[in-house]
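Encoded as structure tokens, the structure appears first; notes follow it.
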Amino acid sequence: MPDITAARPAAGAPIESSWGGQVHDSLEGLQTGQVSSTGPATAGASYDVNVVFPRPYASVPRVVATIAWNTTFYLAIVFGTSTTGFTLRFTRKDNATFTNVAHLADWIAVGTPA
């Protein structure tokens, strides 16, 4: 993300174009989404879901994901991040087996827009 180095505007003053452009680029560099997928039901099982960013980045962004809702004990791990997407691994962390259900994970990516 670019640093906002230009002087910040005072209340009621016009916004300098370079400062406004940097703020715009910072906001454009945020993308979010939700992954919904059904995976294996067996204890200790993992499965991967590939996520494609709606807009690519100029360089590899930071991505954070979290389980949005589940009644089981799953862990979401982000790996393989690139300028166009990432892989989200769901891993079953308990010893039970259950019927397949949809798992949801929310994600946010922060970086420099392409």
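The values are calculated or read from the model by the stated rules, or taken from the named source; none is laboratory data. As the structure is a prediction and not an experimental result, all values here were calculated from the model. Heads up, the Cβs are rebuilt from the backbone with ideal geometry, glycines too, and the neighbour counts pull from every protein chain shown.
Some values worked out for this structure:
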read-out	value
Pair list, Cβ under 8 Å, 6 or more apart: segment 52-64 residue within 12 Å of ALA114 (Cα to Cα), other residue of a type in the set (A, V, I, L, M)	PHE53/ALA109; ARG55/ALA114; PRO56/ALA114; TYR57/ALA109; TYR57/ALA114; ALA58/ALA114; PRO61/ALA109; PRO61/VAL110
Segment 78-104, subset in a strand (DSSP E or B) and modelled with pLDDT of 90 or more, residue surrounded by the fewest Cβ atoms within 10 Å (Cβ to Cβ)	PHE79
Selection status of VAL51, modelled with pLDDT of 95 or more, part of a strand (DSSP E or B) and within 21 Å of GLY29 (Cβ to Cβ)	yes
